[in-house]
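Since the structure comes first, as structure tokens, the remarks are kept for the end.
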Amino acid sequence: MIRGVPVPNSTNHIHYLLLDRDCLGLDSYDPAHLLLRTHAEHLQLAAEVDAQPSGAARKRMAKACGIKGSSILARAPGVSFPDSFPCEFMHLVFINMVDTLLELYSIDHKGLDEGDGKYKLTIRAWAAVGKGTKLAGNTIPSSFGCRVHDIADEKEYRSAEMQSVWLMYIGPSQLKGRFRKQKYYRHFVQFVRIVENCITLDGVSRNTVASIRSEIINWVKDFESFFYQFKPERLPMCTLVVHMLLHVADSIELHGPVWVYWSFVMERHCGTLQRGIRSRCQPWASLNNFVMDEACLQGVVGLYNIGDLRAPKVTRAVPNAKKILPDYPDCELLAPRKMVELTYITRTRIVNTLAAWYSVDAAVIRPHVPHQVETWGKVRRLDGGDTMHAANLAKPTGRDMTFIRYEQMVDTLSHRPRSDPVFERRTFYGQLREIVVLPIGGRLAVGLGLNRSETLVLAMVAPCNSIVEIEGFKYYKGLTGVEITNLKTVECAIGRAPTHREGEFGIVDRSGSLSRVLFTNADDDEHVDP
């Protein structure tokens with residue numbers, strides 16, 4: 001058992017948990033080999049607490065060993081203390097730990113100043129972080145999570161989901177360049193990476209768990225060095241929340257990825273139950289009736305194999321509102337739809353692109369490229385992906401969904417004209433401007449060397465300019481000219497978070513397994529924030 005330490009010569013009787021205790025004249029703990037109780041030791045201590053002759057004696061022993069008595073769960077077969085109770089990631093990280101970091105960066109946390117450090121932001125910088133956080137809601141798609149309020153002035157509106165969105169998507173961009181010493185920003189980014197690794201963990205192996213454990217240990221050691229500073233009067237910095245991070249790797253090893261047992265699902269279920277309370281005089285009876293009715297409906301759904309008992313959404317039928325092309329079975333084109341006359345510049349770009357793709361002479365195919373084409377305002381990936389909007393046609397919403405991630409095959413030897421091309425797949429980011437459906441048949445197909453007709457869907461994209469990577473996060477400033485790519489290369493929507501520099505944005509890319517586990521509903525095309 002690890003014993004807490006009170007602040008010396010203080011009326012504060014709270015005991016704090018820390019690793020390095022040399023300045024207190026005590027033995028330090030090795031975070032890689034923490035002293036953990038076994039199930040048998042837990043039950044034995046609980047029985048000893050129960051056997052105490054008086055309530056005062058039980059209270060004293062409970063305070064000494066940390067166990068208040070025997071739990072009724074100990075009678076359940078298969079329950080092991082403490083292995084059966086993993087660290088609850090939502091409250092530990094997205095509420096308590098994020099709250100701790102926000103207080104450290106903005107106020108005198110626990111009534112302690114910076115000491116020898118310089119980790120607190122200036123009042124002006126912290127206000128700018130809050131303002132930038134609120135503005136980021138306009139440039140991050142709704143599928144990424146809820147809007148985040150001004151974290152500097154609107155603290156009462158914080159929730160676990162808001163703080164998780166801020167930590168994973170907005171915080172790295174907003175804190176970039178704000179600290180007086182870069183080591184505090186690196187420390188914050190390391191924490192974001194740790195959380196990402198815990199969330200995106202698909203399979204549990206000894207190597208991955210060992211890597212997470214090592215990262216957390218190093219982060220907690222740095223936390224003590226930066227904020228506790230090995231001074232006894234700063235012991236309140238070493239809270240139980242920081243110490244519990246050291247047990248996250250054990251929970252992953254025993255129970256799997258943290259998203260398997262975090263509380264987001266239960267919290268949302270509780271929100272559903274709360275909406276079922278219709279009576280103020282008899283709230284419990286109203287709640288019971290709601291639970292019974294819901295259980296009966298679910299029984300009917302299961303018995304008769306009914307998909308959904310909710311009232312169907314009444315929508316106005318719109319002809320040609322969506323379209324799936326045989327050559328693009330994974331994509332669904334969505335309204336608005338419009339026939340447009342190609343400008344000379346756009347038509348020339350299409351001709352040059354086709355000539356490059358099919359290795360033909362542009363002058364041969366130019367007369368056969370149509371002057372009028374079909375354009376669409378949105379496209380949805382049907383393989384569980386995002387809905388992306390074309391900026392030139394789709395109606396603007398409260399959340400920008402026009403920026404995308406796409407891939408291209410790039411010739412790495414393009415600077416050597418005489419060398420054979422060596423292609424490499426690379427990732428690009430940009431704003432989707434137009435979605436053009438180009439039918440290829442007749443003389444155009446012959447000119448391209450095709451023996452059958454087909455349909456191409458072209459994405460007009462304005463690439464992000466001057467992309468740089470800092471501490472593992474990508475940033476860009478401005479857009480370059482429009483380029484054309486096949487819609488098949490477009491992968492997903494991305495978000496953007498403004499930084500402290502005018503016109504600079506951090507790229508929020510949640511592609512991969514991270515997009516699967518972040519507690520949000522499916523893409524909602526019609527959602528517009530007030």
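The values are calculated or read from the model by the stated rules, or taken from the named source; none is laboratory data. These figures come from a predicted structure and were not determined experimentally. In this analysis, Cβ positions are derived from the backbone assuming ideal geometry, glycine residues included, and neighbour counts consider all displayed protein chains. We work out accessible area using only protein heavy atoms, side chains counted, and drop any ligands, DNA or RNA first. Shrake-Rupley method; radii C 1.70, N 1.55, O 1.52, S 1.80 Å.
So for the range 201-213 (the condition being open to solvent by less than 10 Å² (accessible area, probe 1.4 Å) and under 20 Å from Leu18 (Cβ atoms)), does at least one residue qualify? No, there is no match, as no residue in the range 201-213 is open to solvent by less than 10 Å² (accessible area, probe 1.4 Å) and under 20 Å from Leu18 (Cβ atoms). Within the range 133-162, the set of residues being open to solvent by less than 10 Å² (accessible area, probe 1.4 Å) and part of a helix (DSSP H, G or I) comprises Thr133, Ala136, Ser143, Phe144.
Check Arg433, Arg426, Arg380, Arg405 and return the single one that is open to solvent by 10 Å² or more (accessible area, probe 1.4 Å), touching a Cys at 6+ places or on another chain (Cβ under 6 Å), part of a strand (DSSP E or B) and not β-branched (Val, Ile, Thr).
Arg405
Considering (1) at pLDDT 90 or above; (2) under 30 Å from Trp219 (Cβ atoms); (3) open to solvent by 40 Å² or more (accessible area, probe 1.4 Å); (4) over 35 Å from the mean Cα position of the chain (by Cα), the lone condition that Asp30 does not fulfil carries the number (4). Inside the range 16-35, residues that are free of Cβ contacts under 8 Å to residues at least 60 places away in the same chain and either in contact with a Leu (Cβ under 9 Å, 6 or more places away or on another chain) or in a loop (DSSP other than H, G, I, E, B) (or both) make up a count of 8.
Which members of the range 51-65 meet the condition of being touching a helix residue (DSSP H, G or I) at 6+ places or on another chain (Cβ under 8 Å) and open to solvent by 60 Å² or more (accessible area, probe 1.4 Å)? Listed by number, the list holds a single entry, Arg58. Could you tell me whether the range 405-421 includes any residue that is more than 25 Å from Glu504 (Cα to Cα) and among the β-branched types (Val, Ile, Thr)? Within the range 405-421 (the criterion being more than 25 Å from Glu504 (Cα to Cα) and among the β-branched types (Val, Ile, Thr)), the answer is yes, since at least one residue qualifies.
Looking only at the range 66-76, decide whether some residue is on the phi < 0 side of the Ramachandran plot, open to solvent by less than 30 Å² (accessible area, probe 1.4 Å) and more than 18 Å from the chain's Cα centre (by Cα). Yes, the range 66-76 contains at least one residue that is on the phi < 0 side of the Ramachandran plot, open to solvent by less than 30 Å² (accessible area, probe 1.4 Å) and more than 18 Å from the chain's Cα centre (by Cα). Of all residues in the range 436-480, those satisfying the criterion of being closer than 16 Å to Gln372 by Cβ and outside any strand (DSSP E or B) are Gly441, Gly442, Leu444. Within the range 451-498, being without any contact (Cβ under 8 Å) to a residue 40 or more places away in the chain and farther than 25 Å from Leu393 by Cα holds for Asn451, Arg452, Ser453, Ser466, Val468, Glu469. Within the range 445-468, the set of residues being more than 30 Å from Ala493 (Cα to Cα) and buried (at least 20 other Cβ atoms within 10 Å of the Cβ) comprises just one member, Gly447.
Tyr344 versus (1) surrounded by fewer than 18 Cβ atoms within 10 Å (Cβ to Cβ); (2) under 15 Å from Val457 (Cβ atoms): which is the lone unmet condition? If we test Tyr344 against (1) surrounded by fewer than 18 Cβ atoms within 10 Å (Cβ to Cβ); (2) under 15 Å from Val457 (Cβ atoms), just (2) comes out false. In the range 327-367, which residues are of a type in the set (S, T, N, Q) and either part of a helix (DSSP H, G or I) or at positive phi (or both)? Result: Thr346, Thr348, Asn352, Thr353, Ser359. Quick check on my filter: what residues within the range 168-211 are over 20 Å from Val93 (Cβ atoms), part of a loop (DSSP other than H, G, I, E, B) and among the polar types (S, T, N, Q)? Passing the criteria: only Ser205.
Criterion applied to Ser225, Ser279 was being over 27 Å from the mean Cα position of the chain (by Cα), open to solvent by 20 Å² or more (accessible area, probe 1.4 Å) and closer than 30 Å to Leu112 by Cα, and the one residue passing it is Ser225.
Any residue in the range 248-269 that is part of a loop (DSSP other than H, G, I, E, B) and either touching a strand residue (DSSP E or B) at 6+ places or on another chain (Cβ under 6 Å) or open to solvent by 60 Å² or more (accessible area, probe 1.4 Å) (or both)?
Within the range 248-269 (the criterion being part of a loop (DSSP other than H, G, I, E, B) and either touching a strand residue (DSSP E or B) at 6+ places or on another chain (Cβ under 6 Å) or open to solvent by 60 Å² or more (accessible area, probe 1.4 Å) (or both)), the answer is no, since none of the residues qualifies.
Among the numbered criteria (1) farther than 22 Å from Val220 by Cα; (2) open to solvent by 60 Å² or more (accessible area, probe 1.4 Å); (3) not small (Gly, Ala, Ser), which single criterion is violated by Lys110? Single failed check for Lys110: (1). Within the range 80-101, not a single residue is open to solvent by 50 Å² or more (accessible area, probe 1.4 Å), assigned to a loop (DSSP other than H, G, I, E, B) and of a type in the set (Ser, Thr, Tyr). Glu48 meets the conditions (1) touching a residue at least 60 places away in the same chain (Cβ under 8 Å); (2) of a type in the set (Asp, Glu); (3) surrounded by 14 or more Cβ atoms within 10 Å (Cβ to Cβ) in every case but one. The failed one is (1). Looking at Leu287, Leu297 in this structure, which one is at pLDDT 90 or above and surrounded by 10 or more Cβ atoms within 10 Å (Cβ to Cβ)? When all the criteria are applied, what remains is Leu287.
Scanning the range 65-91 for residues that are in contact with a His (Cβ under 6 Å, 6 or more places away or on another chain) and under 14 Å from Met244 (Cβ atoms) gives Pro86, Cys87. Only one of the listed residues (Ser414, Ser419) is open to solvent by 40 Å² or more (accessible area, probe 1.4 Å), more than 28 Å from Arg147 (Cα to Cα), in a loop (DSSP other than H, G, I, E, B) and touching a Leu at 6+ places or on another chain (Cβ under 6 Å). That residue is Ser419. Among the conditions (1) more than 18 Å from Cys331 (Cβ to Cβ); (2) touching a strand residue (DSSP E or B) at 6+ places or on another chain (Cβ under 8 Å), the only one that Ile404 does not satisfy is (1). The requirement of being over 18 Å from the mean Cα position of the chain (by Cα) and of a type in the set (A, V, I, L, M, F, W, C) is fulfilled nowhere in the range 157-178; no residue meets it.
The residue pairs whose first member lies in the range 414-432 and is of a type in the set (Val, Ile, Thr), whose second member is surrounded by 11 or more Cβ atoms within 10 Å (Cβ to Cβ) and not in a loop (DSSP other than H, G, I, E, B), and whose beta carbons are closer than 9 Å, counting only pairs six or more residues apart or on different chains, are Val422/Asp411; Thr427/Arg405; Thr427/Tyr406; Thr427/Glu407; Thr427/Gln408; Thr427/Glu491.
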